[in-house]
1. Tell me which of these Gly31 doesn't satisfy, since it passes every other one: (1) in contact with an Asp or Glu (Cβ under 9 Å, 6 or more places away or on another chain); (2) at pLDDT 85 or above; (3) among the small types (Gly, Ala, Ser).
2. Yes or no: Asn132 surrounded by 10 or more Cβ atoms within 10 Å (Cβ to Cβ) and farther than 30 Å from Arg65 by Cα?
3. Would you tally the residues in the stretch 85-96 being under 18 Å from the mean Cα position of the chain (by Cα), open to solvent by 60 Å² or more (accessible area, probe 1.4 Å) and free of Cβ contacts under 8 Å to residues at least 24 places away in the same chain?
4. Take the residues in the stretch 34-58 that are open to solvent by 70 Å² or more (accessible area, probe 1.4 Å) and not in a loop (DSSP other than H, G, I, E, B); name whichever of them is modelled with the lowest pLDDT.
5. I'm checking my understanding of the structure. Among residues of the stretch 103-117 that are out of contact with any Leu (no Cβ under 9 Å at 6 or more places or on another chain) and not acidic (Asp, Glu), which one is modelled with the lowest pLDDT?
6. Select from the stretch 59-77 the residues that are surrounded by 14 or more Cβ atoms within 10 Å (Cβ to Cβ) and modelled with pLDDT under 85 and list them in ascending order.
7. Could you go through the stretch 3-24 and let me know if any residue there is hydroxyl-bearing (Ser, Thr, Tyr) and either assigned to a loop (DSSP other than H, G, I, E, B) or touching a helix residue (DSSP H, G or I) at 6+ places or on another chain (Cβ under 6 Å) (or both).
Amino acid sequence: MAFNIALSGLNAAQTDLDVKGNNIANASTTGFKRSRAEFGDLYSSGLLNLGSTDTGEGVRVQNTRQLFQQGNVTSTSNGLDMAINGEGFFVLESGGERQFSRAGEFGVDQNGFITNNQGARVQGFQPDGDGNVGDVRGALEVNT
């Protein structure tokens, strides 16, 4: 029994190290948000211990949660680079598939659409004929 409890602790610690290693490896990645491992206790219960105090059986990682605090914002020479303040995402579309990203490195493709490095088009609310922004989302285009 004690071996299983110790083993659960080692497994949880290994998962925590994996999460921290991922945070370190991606620390300089644009738009990366760090994660944390959340732990929970394991308890045994069964017919033989009804009415008695539950005995601890170890620990496990219940969740790996991403943390969305504001990161460092650095200026670039690209006027289309953006940052998100808070818990939002950029909405992108590629081949009819909707994607979400925190990375704000954007450019303009040969057709004038604002895209990320993989060619997905940035989505935004479209203006009507009078220039009023409506509630219809579409690809953002820069008219030159």
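The values are calculated or read from the model by the stated rules, or taken from the named source; none is laboratory data. Everything numeric in this text was worked out from a predicted model, so none of it was measured. A quick note on method: Cβ atoms are made from the backbone with ideal geometry, for glycine too, and the neighbour counts reach across all protein chains shown. Surface areas here come from the heavy atoms of the whole protein model, side chains and all, with no ligands, DNA or RNA. Shrake-Rupley method; radii C 1.70, N 1.55, O 1.52, S 1.80 Å.
1. Only one criterion in (1) in contact with an Asp or Glu (Cβ under 9 Å, 6 or more places away or on another chain); (2) at pLDDT 85 or above; (3) among the small types (Gly, Ala, Ser) is unmet by Gly31, namely (2).
2. no
3. 3
4. It comes out as Leu47.
5. Only one residue fits best here, namely Ala103.
6. Hits for the stretch 59-77 are Phe68, Gly71.
7. The answer is no, given that none of the residues of the stretch 3-24 is hydroxyl-bearing (Ser, Thr, Tyr) and either assigned to a loop (DSSP other than H, G, I, E, B) or touching a helix residue (DSSP H, G or I) at 6+ places or on another chain (Cβ under 6 Å) (or both).
To keep it simple, each residue is scored yes or no on (1) open to solvent by 60 Å² or more (accessible area, probe 1.4 Å); (2) in contact (Cβ under 8 Å) with a residue 24 or more places away in the chain.
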| site | (1), (2) |
| --- | --- |
| Gly79 | yes, no |
| Ala83 | yes, no |
| Gly107 | no, yes |
| Gln110 | yes, no |
| Thr115 | no, no |
| Ala120 | no, yes |
| Glu141 | yes, yes |
